[in-house]
Every structure is written in structure tokens, then in C-alpha cells.
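Notes to accompany the following structure.
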Ligand code: NAD
């Protein structure tokens, strides 16, 4: 039995004991009815079994979850901005305090990524901006004063990925509640238990310290049906999806406004003006992070032919392991699923989910080579049409492609990025090269001379979010992303000078 299962059972037993003792659970006793009139509270069913729907925000039913979140929104509205700030503080504090335990639980459930980085991604939730981002825009003049304020939507529905379940959920809560909203989550089915655990802990603390119930709701067993029911619910005013092409398409077809943090396949261009040693270190750091699960992570490298050998030499000296062509071929056959009749060189392959986010040592084994268990990254020379270049592989195996010129590197980067407009990276000290790549790729994040995570404030300037809204254009999401702008005008003789 996993630690998570044990914890859930402990919680259920303690609630049952509380009820058998005749004491009503304080949460149920004080909670107001939900907005649509349905009772979203935990209640005993026939035979004395507790119906768990609605326990600490964890719901079985999508409509109940949305209604309860709407009720949570109304409670938050009553309590004002101070309550929002307190919720933000609670989420940041709990994410940091529980980082080790929750990181381990998430890895145990999803079996993808690395424990050290799962923990780090929770510790850095404190870098996500909160209510301080909502300063109104004000104007005064001969005709009076005008104030533009950022106001909440109400209930935001958020879809979270398996790659960073609790971190995305926590960052979304900070942004969305800072903006005055309640949230209902339909998490990835493969990372739903850990997400429900975090929501439950956040809600317990929010109810205890702020007195709001069900500000955050989550579907315990998410499905496509629950996604559709959430999208249809009248209380849900805005969607925020973080995931691959399937969910982005589904959200955009839902008829609701959607903020979409979609897929990426970030190319890296390395020219002969950069510091090659630093570029090698940065590329390893970014591509190896959480076994390359980050949507912003380095997924393929285009390097000038004249410096390619030295770049790969520096990568080897920094602990990355180079595969030879035969090893690459074996790994490719294991890492991708090819349709019948397609060779291993075919770019239109499907990523084998069994190897997504696995350790470099596991990939090396599939390639037929033994490496140290702490090896962070594998790399291999490929051509530009190789599936490791063309697919968002999310594995710590980086393809390196030689190019004859910066122009060719930009062209191939553009092709490999597939117009996701997500992230691109250059290692160069030539401003012309930087500008040419920036213009050609037009990505939401463009990092120069650093690993990918500098684009989200880790070692670079800026703030953090795990939802980078790419196809819909909001960029690195922040509290303002989840607001409506409302103008208040007072026409009068208010000028005193
Ligand atoms: P995924 O697309 O498999 O799942 C994401 C979420 O969408 C899950 O909750 C899943 O259940 C749901 N979903 C999938 N298809 C759906 C559909 N047709 N209708 C409704 N819901 C659907 O993604 P994943 O493997 O968990 O995460 C990796 C992907 O997410 C990568 O493509 C990565 O680039 C992307 N991602 C993007 C960002 C960003 O900020 N842009 C951040 C993290 C991950």
C-alpha cells in the first residue's frame, strides 16, 4: 500500500470515528449550501457509509464540484483581498513544507521524472506571483477620475498534466485565487491521487485559517466525461488547460474562453561565438531537469559543424553520455512506436509513453549500454528528421544535429518547433544571430545563454508559472491572466491643481 493510500485511509477512518462519536464534522456544520441548491457536503448514506463526495474539496461528481467551487467563490468575495492573500500564503507555505513528502508521493504515482526535481518544483511555488500583481490602472484629468480594476471571473476550471501535477495545481491556485477566483480541477488521471491529496490539505488549512469551504475543488477520478461536464457547467467562466495537443484542441472547441498552456519542442541553436563550456553545462542542466519533462526543456540541439565536436566533448566531460549509432538505433526502436512498414528513421513516430520521463540509465539499458545510475543525460548525433528531433520526446536523451550555418540552424529550429510558439534557446554572443532567431521562431519564451529554466525565473530574472500559455498568447500566466478588466469612471470637478 502506498503512503498516499495509507494517508487517505487514515483520514477516512478519523472522519468515520468522529461521526460515530456523534459529533458533526465542523466543516459540514458550518458550510453554507451550494449555489445551485445541491448539497455538496459529505453525508452519510444508507448503511452508515460516508459518501466521500465533497470531502475537503475532493469530489466524485463534476457538477457538485463546480457548484461547491462557486459557493467557495462567493465566500471568498465576501472576505476580500486579505483572504486571497492568506490563501496564497497557505498554498506557498504548505507546498514548501510538504515538498519532500508530496514530491515522493507524486513520483510514486506517476513513475516519471526525478525526485530531487519533483521536490524542487514544489519548493519554488513561492516564486509564483500573488495579489501584489493586481495594482489598478488609474487616470485623472479635467473630466474626473477613472479606475481600471482587475476583477475575478468566478470559477476557473483547470486541467493539469501528469508531468508536474501538484506543482501546476499549486501554481494555478496561487494565480487564480490571488485574482479572486475559485478553482475546479480535472487533473491528469495518472496523477490524480497526489493532486487530490494536495487539494485536500490546502482546503483543510483554508477552512481552518480563512473560514472558506471548497475554494478549491477537484475530481477524484477524472475522465473525459468529467472534463466535458466541467466545461458545460454554467458556474465555470474560464478554462485553463496545461497539457498536450489533445486537451488544447478539446478546450478550444468547448465554447468557453480557454487559456491554453500547450505542448512545445524547444530547439537549441549553438553558434561559434558562444562560450562552449558554458553552453554544454547549460544544455545538460536544462535537458536533464526532471528527466526532460519540462515543456520548456531543451529537446534538440542544432550546432555549427565547426564546433560540434568540441560541444559534444564538453558535454561528455560534464557527465552526459554519448550513444553510438547502433545504440541510438536500439533506443529509437524502444522509445518510439512506428507504424508497420515505417523504418526507425521515420520522423512520424509516436512516443512510447513507457519510456517518457525515465532515468537516463533506464534509457541506456534500452540502448544496450551500461552507464552509472546517476547519469543525467544521454546524447547522440542524429539528422534533423530523426524522431528524437521531431517528437516532443520528454526523455533525457538529446539529439545533436550539425548545421553548416546559423541560417540553416534557424531554419531547422523553426521546423522542429512545429509552430507551437513555445520556447527556443540560443547560445551565442552575436546579437544579430539572437535577433534573427527571435524573429524567425517568434516563441513565447526565448532564452539566450542559459538553461531553459532561467526563462521561468530560476537563475534568470522573472517570475514563475508552470502554465505557459502558448497558442492562446497569454504567455507566462500570472494573477492578471485570470481577471476581467473593469472600468469605474467618476465624472466631476476633482482636480485640485
Ligand atoms: P496530456 O495532454 O496527456 O494531459 C494533460 C491533461 O489533459 C490531463 O489532465 C489529461 O487527462 C487531459 N486530456 C488529454 N486529452 C484530453 C482531451 N481530449 N479532452 C480532455 N482532456 C484531455 O499531457 P501530459 O502528458 O500530462 O503532459 C505533457 C504535455 O503537456 C506536453 O505536451 C507538454 O509540453 C505539455 N505541457 C505544457 C505546459 C505549458 O506550460 N505550456 C506545461 C506542462 C506541460
*asked:* Could you go through region 172-189 and let me know if any residue there is more than 30 Å from residue 490 (Cα to Cα), surrounded by fewer than 24 Cβ atoms within 10 Å (Cβ to Cβ), more than 16 Å from the ligand (Cβ to nearest atom) and without any contact (Cβ under 8 Å) to a residue 60 or more places away in the chain.
replied: no
_Show me the helices (runs of 4 or more DSSP H) entirely contained within region 330-421 in which 1 or more residues are within 16 Å of the ligand (Cβ to nearest atom), buried (at least 16 other Cβ atoms within 10 Å of the Cβ) and at pLDDT 95 or above._
387-390, 406-417
*Find all pairs meeting these conditions: Cβ atoms under 8 angstrom apart; at least six residues apart or on different chains; first residue within region 290-313 and free of Cβ contacts under 8 Å to residues at least 40 places away in the same chain; second residue assigned to a helix (DSSP H, G or I) and surrounded by fewer than 24 Cβ atoms within 10 Å (Cβ to Cβ).*
307/276; 310/276
*Looking at 228, 214, which one is at pLDDT 95 or above, more than 13 Å from the ligand (Cβ to nearest atom) and over 19 Å from the mean Cα position of the chain (by Cα)?*
214
*Find the residue count for region 105-161, including only residues that are away from the ligand (no atom under 16 Å from the Cβ) and assigned to a helix (DSSP H, G or I).*
10
_Cβ contacts < 8 Å: first residue in contact (Cβ under 8 Å) with a residue 40 or more places away in the chain, restricted to region 69-82; second residue part of a helix (DSSP H, G or I), any location; separation 6+ or different chain. Result?_
76/83; 76/84; 76/87; 76/177; 79/210; 81/131
_Selection from region 445-497 of residues that are free of Cβ contacts under 8 Å to residues at least 24 places away in the same chain and part of a strand (DSSP E or B)_ = 446, 448
*Mind listing whichever residues of region 310-329 are under 22 Å from residue 372 (Cα atoms), part of a helix (DSSP H, G or I) and in contact with a helix residue (DSSP H, G or I) (Cβ under 6 Å, 6 or more places away or on another chain)?*
311, 314, 315, 327
*For residue 237, indicate whether it is in contact with a strand residue (DSSP E or B) (Cβ under 8 Å, 6 or more places away or on another chain), more than 30 Å from residue 284 (Cβ to Cβ), buried (at least 18 other Cβ atoms within 10 Å of the Cβ) and not assigned by TED's automatic domain parsing to the domain that holds residue 425.*
yes
*Within region 240-269, restricting attention to residues that are farther than 23 Å from residue 299 by Cβ and surrounded by 24 or more Cβ atoms within 10 Å (Cβ to Cβ), which residue is farthest from the ligand (Cβ to nearest atom)?*
240
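The values are calculated or read from the model by the stated rules, or taken from the named source; none is laboratory data. None of the values given here were measured: they were computed from a predicted structure. Cβ atoms come from the backbone with ideal geometry, glycine included; neighbour counts cover every protein chain shown.
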